Amino acid sequence: MLESMLLTAFVVGLLGGVHCLGMCGGVVGTLTFSLSPQHQLHPWRMLPFQLAYNFGRISSYVLVGAMIGLLAASLSSLVPFLPFQQGLQIFAGLFMIALGLYLAGWWTGIVAIEKLGGGLWRRLQPYTRSLTPVKTLPQAWLYGMVWGWLPCGLVYSVLIMAFSAASMTQGALVMLAFGLGTLPNLLLMGVFAFYFTRWARNPWVKRFAGISVILMGVWQIYQAVTININ
């Protein structure tokens, strides 16, 4: 079960690049242009800063995954574990289907869910001002830690999956797998923004990503309903 969750979380992160363009494109642009000109003009000099940003972001994902996994583990002690986990996994699959419809451009209802995290983000965002312009790698990592709290339906869908793991360690691992899946897309966006933008905006790329996430959501539901609870 854990192996399936980790693989699904990684692939969702990888396919979510078309969503990352809209949600994180502005943040990545701000981070990139806050560097000195000699870094902006040389991708290999920019790469360590982009890695630091992204590892900071992934650190936040892992932290939240551990917290939400611990919460689920505490709640699961109050109810029968397998039905509890089964219900959470079905909910995660349904949320993933909704996310796939959004990625493909067929339904935008998930935007309302993203807005729920807007209040917390408005409180955290001012802290980024003291971290720019970015001059050091630790500074970039801290900026990334704040960036990890940006409201995102993609993150929320995997957090539900991490919650269904009902374990602090497994919740952290699920979010780590997701974060590593998002890493290639966001590195490409930061270092080769022009080329990545053209690719990610292609309607066929969006549809492929959306359909793939929908199928993974269906697979999650299938796995949940076929669990033997006896």
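Mind listing whichever residues of region 149-159 are within 18 Å of M216 (Cβ to Cβ) and surrounded by 19 or more Cβ atoms within 10 Å (Cβ to Cβ)? I'd like the intermediate steps shown before the answer.
First, the residues of region 149-159 that are within 18 Å of M216 (Cβ to Cβ): 152-159.
Passing the criteria: C152, G153, L154, V155, S157, V158, L159.
Taking T182 as meeting all but one of (1) surrounded by fewer than 22 Cβ atoms within 10 Å (Cβ to Cβ); (2) at pLDDT 85 or above; (3) closer than 22 Å to L94 by Cα, write down the number of the exception.
Answer for T182: the failing condition is (1).
Yes/no matrix, rows are residues, columns are (1) surrounded by fewer than 18 Cβ atoms within 10 Å (Cβ to Cβ); (2) in contact with a Leu (Cβ under 6 Å, 6 or more places away or on another chain):
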| position | (1), (2) |
| --- | --- |
| W106 | yes, no |
| R122 | yes, no |
| Y127 | yes, no |
| Q139 | no, yes |
| W147 | no, no |
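Name the residue that is farthest from the chain's Cα centre (by Cα), counting only residues in region 80-121 that are in a helix (DSSP H, G or I) and among the β-branched types (V, I, T). Walk me through how you get there before you give the answer.
If we filter region 80-121 for residues that are in a helix (DSSP H, G or I), which is where we start, we get 81-103, 110-121.
Filter once more, keeping what is among the β-branched types (V, I, T): 90, 97, 110-111, 113.
On the way: I90: 19, I97: 16, I110: 14, V111: 15, I113: 14 Å.
Within region 80-121, the match that is farthest from the chain's Cα centre (by Cα) is I90.
Only one residue in L31, L6 is modelled with pLDDT of 80 or more and either basic (K, R) or assigned to a helix (DSSP H, G or I) (or both), so which one is that?
Values: L31 fails: modelled with pLDDT of 80 or more.
Of L31, L6, the one residue that is modelled with pLDDT of 80 or more and either basic (K, R) or assigned to a helix (DSSP H, G or I) (or both) is L6.
The values are calculated or read from the model by the stated rules, or taken from the named source; none is laboratory data. Quick caveat: nothing in here was measured; it's all calculated off a predicted structure. A quick note on method: Cβ atoms are made from the backbone with ideal geometry, for glycine too, and the neighbour counts reach across all protein chains shown.
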